[in-house]
Amino acid sequence: MELTLAITGASGSIYAQRTLVQMAASGAVERINLIMSEAARTVARVELGANLGELESSAVNEWVGLPLDSKLIRVHRLDNMAAKPASGSHVQAGMVIVPCSMGTLGAIASGACTNLIHRAADVTLKEGRKLVIVPRESPYNAIHLENMLRLAHAGARMLPASPGFYHRPKTIEELVDHLVFRILDQFSIPHSQATRWQGGEI
């Protein structure tokens, strides 16, 4: 399976990092096309202490815990509109935007393709592939909600960064992984069952 993963400048870099980690560990994903905005790199540095520099592949691999020479993650510049995810003829399973800023969400909802994240999302929708958007904002105003509804009508799956607690998380990582596993479920990517609801008496 090949997927595109985009990271924007919204708070919640840990969601993106853990999604990459879990995708890499699944064995089901053969290639990840990574698109990361400059604001996203800044947020990753502030929230996680990550130094991704100019997005060299080795720095990204280190961030995710992969061998420095791993080819699993292919990094694409935000301004590279000739990258593979920009073309509908390049077949892949879909795209995840995690976390997704309201600016990026609004641009995609309006059809404005001013960078590779916007364009890749637009291509994903027009080709009928799965687009999973993880908005990370609170509270939502009417514009945010209308943009989400517009994208939902266009076929996107809105998966807000709202983790559950029924698995009784003991760490931030366990809390984050609950949401990450829900993202993976959208593409039937195997993962730990640790946070899945097991049923029971109420």
Consider only pairs whose beta carbons are under 6 Å apart and that are at least six residues apart or on different chains; among these, list those whose first residue lies in region 161-172 and is within 27 Å of residue 101 (Cα to Cα) and whose second residue is at pLDDT 85 or above and of a type in the set (Val, Ile, Thr). 161/134
Which condition number does residue 189 fail, the rest of (1) in a loop (DSSP other than H, G, I, E, B); (2) under 14 Å from residue 15 (Cα atoms); (3) in contact (Cβ under 8 Å) with a residue 60 or more places away in the chain being met? (2)
Suppose the filter is of a type in the set (Val, Ile, Thr), closer than 24 Å to residue 35 by Cβ and outside any helix (DSSP H, G or I); does residue 183 pass it? no
Return the total of residues in region 147-160 being in contact (Cβ under 8 Å) with a residue 12 or more places away in the chain and either more than 23 Å from residue 111 (Cβ to Cβ) or part of a helix (DSSP H, G or I) (or both). 5
Looking at region 34-78, which of its residues are among the hydroxyl-bearing types (Ser, Thr, Tyr), closer than 23 Å to residue 121 by Cα and surrounded by fewer than 17 Cβ atoms within 10 Å (Cβ to Cβ)? 42
Just one of 11, 26 is surrounded by fewer than 20 Cβ atoms within 10 Å (Cβ to Cβ), over 16 Å from residue 137 (Cα atoms) and out of contact with any Ser or Thr (no Cβ under 6 Å at 6 or more places or on another chain); which is it? 26
Given (1) of a type outside the set (D, E, K, R); (2) within 15 Å of the chain's Cα centre (by Cα); (3) at negative phi, where does residue 94 come up short, assuming only one miss? (3)
The lone exception for residue 25 - which of (1) in a helix (DSSP H, G or I); (2) in contact with a helix residue (DSSP H, G or I) (Cβ under 7 Å, 6 or more places away or on another chain); (3) not aromatic (Phe, Trp, Tyr) it fails: (2)
Of all residues in region 40-56, which are outside any loop (DSSP other than H, G, I, E, B) and within 19 Å of residue 97 (Cα to Cα)? 40, 41, 42, 43, 44, 45, 47, 48
Name, by its number, the condition in (1) under 24 Å from residue 20 (Cα atoms); (2) at pLDDT 95 or above; (3) buried (at least 18 other Cβ atoms within 10 Å of the Cβ) that does not hold for residue 109. (1)
Set 85, 99, 139: member being in contact with a strand residue (DSSP E or B) (Cβ under 7 Å, 6 or more places away or on another chain) and either assigned to a strand (DSSP E or B) or surrounded by fewer than 17 Cβ atoms within 10 Å (Cβ to Cβ) (or both): 99
From the list 49, 103, 53, which one is at pLDDT 95 or above, more than 19 Å from residue 182 (Cα to Cα) and out of contact with any Asp or Glu (no Cβ under 9 Å at 6 or more places or on another chain)? 103
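The values are calculated or read from the model by the stated rules, or taken from the named source; none is laboratory data. Values in this document were obtained by computation on a predicted structure and should not be read as measured data. Using ideal geometry, Cβ is built from the backbone for each residue, glycine included, and neighbour counts are taken over all protein chains shown.
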